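Chemist: Once you've had a glance at the structure underneath, I'll fire off some questions.
FYI, it's all coordinate maths here, none of it is from the lab. From a predicted model like this one, the values you see are computed outputs, not experimental measurements. Cβ atoms come from the backbone with ideal geometry, glycine included; neighbour counts cover every protein chain shown.
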Amino acid sequence: MTQRTGEKLKRSLGLARSLIIYRRPGRQKSLRALYRPLVKEGDLVFDLGAHLGDRTVAFVALGARVVAVEPNPDMMRWLRRLVFSREQIVFLAEAVGSRPGQAEMGLSYGTPTVSSLSSDWRTTLKNHAPGFRNVQWEQRITVPVTTLDEMVARFGVPDFCKIDVEGFEADVLAGLTCPIAALSFEFVSGALAQALRCLAELERLGKYEFNAIAGERRRLLWSSWQSPEQIRRWLAEGAGGIASGDIYARLI
């Protein structure tokens, strides 16, 4: 097998893996139930790290207008093919960070969901997270970078913002100077300092309360929302041993 054939096979297997996880039958119903309290008809949603568009589709089904942001060229091509309600969606083939410009992105062929702009995050997880020990980032590409402030100036303040950018979440929030009513950001065991940085950025913007979801489940962990002190302590103590998930924040 030639190197090129091997890379093509890994890309195909990586795409198939993402399709199985994110586009499987029945997933949309639970995603809509999860987001219904946060996203209303006519709302504006930023989907940062749209990947194959499962969340974008759920937001559109709830009646939202969506800016779907995906800097990985392979994923953006598939995102455009898989998402059909284009009158409600703007596709943005850029990354989002603390300042506009360009940045290097590491692409993983076999696990495209962990392609990332953060070299520190990639190294940290490779060394400290068992699930990442066999992950490879085979290619480096340069991608354009915008900021949340620039997106707000162009599209308006979103009612909800999903941030799933593989270790670059705090950099995304550092490029925002106005509060957003509700948002989510990813956390990963082995790199929980990134989530703590996100909390600090949010405290700069306003008073938020928090909840969390484990992995790809679509159910909040707690019946009552947590204070910044409670969620910070939970993260500092290891996030309950959860390998990865999302933290949800809503403005009080």
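Chemist: Quick one, what does Rg over Rh come out to for region 92-177 if you take C-alpha atoms and the Kirkwood Rh? Working shown, then result.
Modeler: Numbers: Rg = 13.8 Å, Rh = 13.7 Å.
Result: Rg/Rh = 1.01.
Chemist: Enumerate the amide H contacts of V90 below 5 Å, restricted to partners 5 or more residues apart or on another chain; note that Pro and chain-start residues carry no placed amide H.
Modeler: Distant-sequence amide H within range of V90: V66, V67, A68.
Chemist: Over what distance in Å are the Cα centres of region 195-230 and region 55-130 separated?
Modeler: 22 Å
Chemist: Is there a quick way to get the dipole size of the chain? I mean about its Cα centre, with the Cβ of Lys and Arg at +1 and of Asp and Glu at -1; what is the value in debye to the nearest 20? Could you put the intermediate results ahead of the total?
Modeler: On the way: 34 positive and 27 negative charges, 197 e Å.
In total the dipole reaches around 940 debye.
Chemist: Now for a different question. Mind checking which helices in the chain clear 18 Å along their axis (Cα) and have mean Kyte-Doolittle hydropathy of 0.5 or more, DSSP H runs only?
Modeler: Values: long enough: 3-22 (28 Å, -0.33); 192-205 (20 Å, 0.53).
Both cut-offs are met by 192-205.
Chemist: In terms of modelled amide H atoms, which long-range or inter-chain residues lie less than 5 Å from the amide H of Q226?
Modeler: The answer is F210, N211.
Chemist: From the square roots a ≥ b ≥ c of the eigenvalues of the alpha-carbon gyration tensor of region 57-115, which class results: rounded (a/c under 1.5), prolate (a/b over b/c), or oblate? Please list the in-between numbers first.
Modeler: Working: a/c = 2.44, a/b = 1.49, b/c = 1.64.
In terms of gyration-tensor shape, oblate.
Chemist: Determine Rg/Rh for region 88-139; Rg is computed over alpha-carbon atoms and Rh is the Kirkwood hydrodynamic estimate from the same atoms.
Modeler: Ratio of gyration radius to Kirkwood radius for region 88-139: 1.04.
Chemist: Could I get the Rg over Rh figure for the chain? Both from C-alpha atoms, Rh via Kirkwood, rounded to two places.
Modeler: On the way: Rg = 17.2 Å, Rh = 18.4 Å.
Result: Rg/Rh = 0.94.
Chemist: How far is the Cα center of region 135-179 from the Cα center of region 234-248, in Å?
Modeler: Answer, in whole Å: 22.
Chemist: Using only helices, what value at 222 nm comes out for the chain when you add -39,500 (n - 2.57) per DSSP H run of length 4 or more and divide by the total residues, to the nearest 500 deg cm²/dmol?
Modeler: Numbers: 9 runs with 94 residues, N = 252.
Here the helix-only value at 222 nm equals -11000 deg cm²/dmol.
Chemist: Could I ask something else about it? Based on the alpha-carbon gyration tensor of region 118-252 and its eigenvalue square roots a ≥ b ≥ c, which shape applies: rounded if a/c is under 1.5, prolate if not and a/b is larger than b/c, or oblate?
Modeler: Values: a/c = 1.95, a/b = 1.10, b/c = 1.77.
Judged from the Cα gyration tensor, region 118-252 comes out oblate (a/c at least 1.5, b/c at or above a/b).
Chemist: Same structure, new question: Can you pull out the trypsin sites (Lys or Arg not before Pro) in region 35-142 whose DSSP state is coil and whose Cβ has at most 13 other Cβ atoms within 10 Å? Please report the intermediate quantities before stating the final value.
Modeler: On the way: sites: K40, R55, R65, R77, R80, R81, R86, R122, K126, R133, R140; in loops: K40, R133.
The qualifying sites are K40, R133.
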